[in-house]
Structures are given as structure tokens and as C-alpha cells.
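Some notes on the structure that comes next.
The values are calculated or read from the model by the stated rules, or taken from the named source; none is laboratory data. Not measured: the values here are computed from a predicted model. Using ideal geometry, Cβ is built from the backbone for each residue, glycine included, and neighbour counts are taken over all protein chains shown. Side chains included, ligands, DNA and RNA excluded: accessible areas come from the protein's heavy atoms. Shrake-Rupley method; radii C 1.70, N 1.55, O 1.52, S 1.80 Å.
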Amino acid sequence: MEVIVMIAQLILGLSILVGVHELGHMLTAKYFGMRVEKFSIGFPPKIVGFKKGETEYSIGAIPLGGFVKISGMVDESMDTETLKAPPQPWEFRSKPAWQRLIVMLGGIIVNVLVAFMINIALCFIVGEEYISIDEVNKHGIVARPIAKEIGIETGDHIVAVNGKKIHDIAELSEAFLNQNGSITISRNGVEKTILIPANLLDKLVEKNAEGFIEPIMAYKVLEVAKGSNADKGGLEDGDSIMQINGVNVPFYHQFKDQLNANKNKKVEVLVHRAAGDKKLTIQVDSAGVLGFRPDLLIEPSVRKFTFLESIPRGITNSVKVVTDQIKAFTKIFKGELKASNSVGSFFSIGKAYGPIWEWSHFWSLTATLSMVLAFMNLLPIPALDGGHVMFLFYEIVSGKKPSDSFLENAQKIGMAILLALMLFAISNDVIRNFF
């Protein structure tokens, strides 16, 4: 069921994003009098469709993309037969360069506007849930091995990131993305600034990385999985686990440490429940798991916005996606971040949506992906919108239009590049998830 939920969210999210992107191309093309032959969400074979006017609308069986076919345009269909005839007034190639430029930017612009609208609506309706730095510092932080390597210890308190006081634990990401990033911690009342190595982000996205830091959190048993070792051992919903093999484990990281140290063994578990304390014997599996969902006792905060406040906040949240992408690309080009650790495909997107359908998370991630799609499509690679934009800018500046044969060959090269990138992304996901 969890896999089905992830796939359903992936298909719906991509269908929305591809649909609005191609809609941007279609509407601008029709506005300038270009003939739009086909509009499809999903790739062939066609499941269902209809024709209205000059345009055939359809839904394809492969829900991982889509396309719009404009007469007289060299595109991914590589249908160049019509280009052998003289240009017709309704064709893409017969229109002024500035109109063709707007058509090519139409999908990108709509993706940006959709992200703006979603994020503005989320800010106004839901607000922003976050973990405040005060809540994080209530018990301090758990330092994972990568954090320990650079000098952070469990129990430390976060004071500042890049020299600035922070209010939200999510602001910690700025230390990894910015050059010369730093984290200031407080340990036993003494502040210390720790510089972030340039390659730290690369380590954090490695397959077996255990994370960086997390809050020290109290916990309870929220839900015991039926048939699990926890269920067989007598653990109940609402139990508070006090000890594992006589070791006090009031915080979740201590509990996990004890389980990891006792994989494939039986452990004595002291629990507190309303009827009184009880000792249980439970088998730990090979993954260091008993089989229950924890209730992590950390209190999130919510920022609320008026409608007018939501507008700049939603736009800022959207734009930040692109600036973070640029920072990540910069690190890749500098060799500080491996492309294999940063590039993923539909597997990664599905996992990001997650196994639980929560509408606020669905729309937030869809808005993020809409900005990512706009940014990626603007890259100057032939076959992407950005490639067409690049050639159109050349035409506008130089006054010379590239020949149809040049555009056709550029399209073939671009398609080869995109296919190679897609195979690279899919292979990364396969290696990360199955090997």
C-alpha cells in the first residue's frame, strides 16, 4: 500500500507539472496564431483522447512526461517532413523571433507562476510548520558520525549558522550550501565556531550516510505493527520504554543505539504503562528494529501569515529552490559534490513524496518540483526549452536565423544528451536503492 501511495503521488504530481508546462507552450502558441497539432499528458501509446478544432488532446500510457506539437517547429518528435515545404502563416517558423521566444518560455513561466500560487496558498491556508531552534536546544542535539568528524558532539546546542542567529533548524542547510559555511555551537556554556568542509554535503548524500544532527527527543510507542517482534513480545500502543537490558533510554537516540548494539538478539525491555511498569523480552531484528512507530515528543511551531504577507513569503520560498539549485550546481562544477550523489530520477521523486498522502506535503513538494522543472528546462541544452531560447536570442541579436538543418541536428544532439542524463539519473537511483 505504501508503494502504491508513493506511485500515485508521483503520477499525479508529474501530471500536474507536465500539464501546466505544456499548457504554457500551447496557450502562447495559439495566442500568436500558431497551429497546435497535439497536446498530450504522458507519452504514447494513447489511452484516451479527443480532437477539438485543430488540436488533438490525449493522455498517454507512460505518465512520466508529455509534449505539445506545434506546426513548423523542430521538436522531440523529429517530424521534419513538413519543413521541406515553404513556411505557412500558421507555422512556428514563420512567426517573428520575439513571438517564438515567448512560446518557448511559456512553459517555464507557467511552472514558475504555479509554484508561486501553490506556495502563496500554503502560506495563507496552512502556514509554515517548523522546529524552532529553542525546541532543538531544549535537550541539545545528537551528533551523527559525520558531525562528530568535524568536532560537533552530542549534547551541543546550536547558536548560529554562518555567523547569524537562526530560528528554524531548517536554516542549517545554509551552512552546507554556502561557501565558507560555519556552525556556532555552545558546549558547557562555551561557544565554538566550526567550519564546514567544502565536501561535507557530498558526504551527507552518500548512500550509507546516517545524517548530520538531529534534536535529542523523548519518545513513546505510538503504534505497534501487527505481527512484529514488538507485538509478539507484548509491547503496547502508548508504552513508554524506560530501559533496554538495564540501560536507561529516556531519549530516542539512546534507544536506537541500544537496539543497534543488540541486532539479532533478545533484549529485556522495561516499559511504563498506566497499569504499572512491566518487563518484556523482545527479539531485535537484523536491522535493529522492534516493530513499532514512535511518537517523537518534539513540539513543532507554526508561522501564520495574512494573505498579503503570504504573497512575498510564497514567492521567496519558490525562488529559494532555484538559488539552492544554483549553489548545488556550483559545488558540482567545483568538484565539491559528486553528480552521482545529487542526480536522481523518478525513484527519488517518489520517495520524496513519501508513503503517506498528506496534502500539504504533496503540494509543497509539487511546488518545489515545478521550480526545479522550470530551472532545468531553462538550461541551454538543445531539445530543452533553454536550447531553443539560446538559438532565438542568437537570432534576435545577430539578425540571422539558424537553418532548419542546423536546428534538426542540434535537436538530435540534445536528445542524445538528455537520454544520457536520464540513464545516468536512473542508474544512480537503482544503485542507491537496490545495491
request  = At 1.4 Å probe size, with every protein chain present, just tell me what the per residue accessible area of segment 13-123 comes to in Å².
outcome  = 46
key: Estimated inter-spin distance, Val302 and Asp277, nm [label 7 Å along Cα→Cβ]   = 3.8
task = Go through segment 328-338 residue by residue and turn each phi into a ³J(HN,Hα) via Karplus (6.51, -1.76, 1.60, θ = phi - 60°); whole Hz please, and just put x for glycine and proline.
result = 5, 4, 4, 5, 5, 5, 7, x, 8, 9, 6
key: Whole-Hz couplings from phi, Karplus 6.51/-1.76/1.60, listed for segment 268-277; x for Gly and Pro   = 8, 10, 9, 10, 10, 9, 4, 7, x, 5
query = In whole Å, what is the distance between the alpha-carbon centres of segment 178-192 and segment 350-387?
reply = 33
query = What is the chain's relative contact order, in percent, from Cα pairs under 8 angstrom and six or more apart in sequence?
reply = 18
message = Only sites in a loop by DSSP and with at most 16 other Cβ atoms within 10 Å count here; which GluC sites (Glu not before Pro) in segment 345-435 make the cut?
response = Glu358
Whole-number accessible area per residue in Å² for segment 360-414, which is evaluated in the context of all protein chains at 1.4 Å = 47
remark   = Loop-resident chymotrypsin sites (Phe, Trp or Tyr not before Pro) in segment 295-394 with no more than 16 other Cβ atoms inside 10 Å, DSSP not H/G/I/E/B, are Trp357
query = Taking segment 291-365, which trypsin sites (Lys or Arg not before Pro) meet the DSSP loop condition and have no more than 13 other C-beta atoms within 10 Å?
reply = Lys304, Lys334
note = Under the rule rounded for a/c under 1.5, else prolate if a/b exceeds b/c, else oblate, using alpha carbon gyration tensor axes a ≥ b ≥ c, segment 245-372 is classed as prolate
ask   = Hey, what angle do you get for helix 385-398 against the long axis of the chain, alpha-carbon based, 0 to 90 degrees rounded to 10?
value = 40
remark   = Measure of exposure for Met117: accessible area at 1.4 Å probe, Å² rounded to 10, is 120
ask   = What's the carbon and sulfur percent of the chain's accessible surface, probe 1.4 angstrom, rounded to a whole number?
value = 63
note = Under 5 Å from the placed amide H of Ile141, counting only residues 5+ away or on other chains, we find Gly155, Asp156, Ile216
query = Once Lys and Arg get +1 and Asp and Glu get -1 on their Cβ, which of Gly354, Val302, Ala383 lies farthest toward the positive end of the dipole of segment 292-435?
reply = Val302
query = Between Ile125 and Asn245, 0.36 nm times their residue separation minus their Cα-Cα distance comes to what?
reply = 38.5 nm
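Checking the a/c ratio against 1.5 first, then a/b against b/c, what shape does the Cα gyration tensor give for segment 318-376?
oblate
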key: Whole-number accessible area per residue in Å² for segment 219-354, which is evaluated in the context of all protein chains at 1.4 Å   = 55
key: For the chain, with +1 on Lys and Arg beta carbons and -1 on Asp and Glu, the positive-most of Val319, Ile185, Val221 along the dipole   = Val319
task = Can you tell me the 0 to 90 degree angle between the C-alpha axis of helix 359-377 and the longest principal axis of the chain, rounded to 10?
result = 50
message = Using Stokes-Einstein with the Kirkwood hydrodynamic radius over Cα pairs, what translational diffusion coefficient do you get for the chain at 4 °C and a viscosity of 1.567 mPa s, in µm²/s rounded to a whole number?
response = 51
